[in-house]
Amino acid sequence: MKKIYLFLNIIALTVFSACRKNDYAEGTLSPVIAVVDLKDLYKGSDLTLSTENLSGASQISGIVISDAKSANTPAGILVVQNYRRNALRGIALELGTDAASYKQGDSVVVQVVGATLTRVNGSMHLKGLAATAVSKVAEVKTLKVQSVQSGALIATPDVYESTLVTISKAVTEPEPQAGDTFSGDKTINDGFGKVTLHTEPTASFAAEEIPASANFTGIPFIVNSAGKAVVQLWPRILDDVFELPLIKPSPVIITGYLTDPNGSDANYEYIQLMATQDIDFAVTSYALVACNNAGTNPAPANGWAVGAARSYKLNLVSGKVSKGQFFYVGGSKNIWGAGSTDISAAPWINSTQYASVPGADFGAATSNLLANSGNVAGIAIFRGITVNASTVPLDVIMYGGNGTVYAPGPPEVGYRITNTDYYSTINPVTRLTQGFYGGGTNTSKLTLPATGNFTQLGGIYDASTGQWVAGRTVTSIPLTKTSALSTIETGTGFTTLTN
């Protein structure tokens, strides 16, 4: 198996919530406390709940998300989630056999005074609840599901435990063989971390074959393993796992860019790419398009081919690169602007004086091929040199601010995406097709580059399967006029492996 390893820099995700503890109506304390506030009361030891420590409240409300019939919820546990004060939080209720009296979508009110707030095997529980403490008041048809990267789940498990989440575009590791089932603990990897998928041997779907790639939905539970808190994802039913088609590997991936060289930007910006297979561009041509959405703009009806001042196309029609080799597309062959290190020894597949030369087929001459401030910008690589509103890229990166670049229509218009570490053509929550940046869950973008720095995109790409084993993250590399080419082609853990 061929894997391309790039420099990896983990982005810390910080999640916080405001601290207003009570809801007030005409000076009266609310009898309902948000689950986010209830959980905040736990300080490491059991707490018996009272109206005093609940600041006058006596109950929580929530929607049941567990499914007792499928038998893949801890025994005797009813899991409810609650969205209040702009925070979705969940908690496990210890009800014993009465837990089976409720089903997914039941809206319940729980009297919590006298119950004990505690942690059991790492997860937050309410114990000591009488069966009469829980009352069903309604039913809902649609449950709120959060799409979350596994890295965020691992970094902030308290935020997501006992809620309904989807980890999208994850692969099962090791790759399942014929006859491998859900039963037990399996490792899933979405490119941003590895999470254990847990299925009880007695679950209704335990004997079903586990897919190699899927959107995995379930309830996260925190468990203690060898004295360490570990997150497990428990799917509730077989339908929680939505198998995905195999992704076709891209021959080219985007690995970095310089948006703000020393001095003038004109003709000194460039993009770094990597070949995941041997390429003769005279035989198999490609196109690279950069979009720049400065100012207030409507969504582009022609997508990446919008042209004018918004997108610029460069054709890649000559030259050769080897598998695992970096190559470059852009302006002059200098590492950091005029008079800096000549890096023409590297493979340059297209070097165009874009400040005076219009793009191939579309794009006006511009002093800024790549945006370094303002609205969201992007880079996309395409197979072939025909790019229009319908053309789907092989790889795409969006970075920067906001701006109007997507309209839901009908018809939808905007910049098309493909399956990458950041984007998915299938919505992990609704399971509907989503083909544009800004549509559905395709809202991720990288930060704007630091002034004067090269943006290195590190990750691990499996060139055999097309899966990102570790998603790309940004490392800003300071450059000087004498920086060597190796400065932007090396990093901790950077190597190419064949096995």
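The values are calculated or read from the model by the stated rules, or taken from the named source; none is laboratory data. Every value quoted in this text rests on a predicted model; they were computed, and no experiment measured them. Every residue, glycine among them, receives a Cβ derived from its backbone with ideal geometry; neighbour counts consider all protein chains shown.
The table below lists the values:
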{"item": "Selection from region 23-48 of residues that are of a type in the set (S, T, N, Q) and either at pLDDT 95 or above or surrounded by 16 or more Cβ atoms within 10 Å (Cβ to Cβ) (or both)", "result": "Ser30, Ser45, Thr48"}
{"item": "Hits in region 157-171 (condition: polar (S, T, N, Q), at pLDDT 95 or above and either part of a strand (DSSP E or B) or at negative phi (or both))", "result": "Thr163, Thr166"}
{"item": "Residue among Gly62, Gly105 that alone is surrounded by fewer than 18 Cβ atoms within 10 Å (Cβ to Cβ), modelled with pLDDT of 95 or more and among the small types (Gly, Ala, Ser)", "result": "Gly105"}
{"item": "Residue within region 268-276 that is in contact (Cβ under 8 Å) with a residue 24 or more places away in the chain, surrounded by fewer than 18 Cβ atoms within 10 Å (Cβ to Cβ) and in the same structural domain as Ser486 (by TED's automatic domain parsing) present", "result": "no"}
{"item": "Unmet requirement for Asn442, which otherwise passes all of (1) modelled with pLDDT of 95 or more; (2) of a type in the set (S, T, N, Q); (3) more than 19 Å from the chain's Cα centre (by Cα)", "result": "(3)"}
{"item": "Any strands (runs of 3 or more DSSP E) falling wholly within region 221-308 and containing at least 3 residues that are of a type in the set (A, V, I, L, M) and in contact with a Phe, Trp or Tyr (Cβ under 7 Å, 6 or more places away or on another chain)", "result": "252-258, 270-275, 286-292"}
{"item": "Residues (more than 15 Å from the chain's Cα centre (by Cα) and either touching a residue at least 60 places away in the same chain (Cβ under 8 Å) or not assigned by TED's automatic domain parsing to the domain that holds Gly337 (or both)) located in region 445-456", "result": "Leu448, Pro449, Thr451, Gly452, Asn453, Phe454, Thr455, Gln456"}
{"item": "Selection count where residues are over 20 Å from Asp421 (Cβ atoms) and touching a residue at least 60 places away in the same chain (Cβ under 8 Å), scope region 163-197", "result": "2"}
{"item": "Residue list for region 441-469, restricted to those being in contact with a Pro (Cβ under 9 Å, 6 or more places away or on another chain) and under 29 Å from Ala212 (Cβ atoms)", "result": "Thr441, Tyr461, Asp462, Ala463, Ser464, Thr465, Gly466, Gln467"}
{"item": "Test for Val392: is it of a type in the set (Val, Ile, Thr) and either in contact with a Lys or Arg (Cβ under 8 Å, 6 or more places away or on another chain) or outside any loop (DSSP other than H, G, I, E, B) (or both)", "result": "yes"}
{"item": "Candidates Ala380, Ala355 - the one that is modelled with pLDDT of 95 or more, within 26 Å of Thr451 (Cα to Cα), of a type in the set (A, V, I, L, M) and outside any loop (DSSP other than H, G, I, E, B)", "result": "Ala380"}
{"item": "Qualifying residue in region 304-319 (condition: touching a Lys or Arg at 6+ places or on another chain (Cβ under 8 Å) and at negative phi)", "result": "yes"}
{"item": "Conditions (1) in the same structural domain as Lys103 (by TED's automatic domain parsing); (2) surrounded by 18 or more Cβ atoms within 10 Å (Cβ to Cβ); (3) of a type in the set (Val, Ile, Thr): number failed by Thr132", "result": "(2)"}
{"item": "Residue match in region 329-348 (condition: within 25 Å of the chain's Cα centre (by Cα), under 26 Å from Ala389 (Cα atoms) and not hydrophobic (A, V, I, L, M, F, W, C))", "result": "no"}
{"item": "Filter result for Val429 (closer than 30 Å to Ser264 by Cβ, modelled with pLDDT under 95 and in the same structural domain as Ala346 (by TED's automatic domain parsing))", "result": "no"}
{"item": "Every pair of residues 6+ apart whose Cβ atoms lie under 7 Å, when the first sits in region 421-443 and is within 24 Å of Val469 (Cβ to Cβ) while the second is basic (Lys, Arg)", "result": "Asp421/Arg472; Ser424/Lys169"}
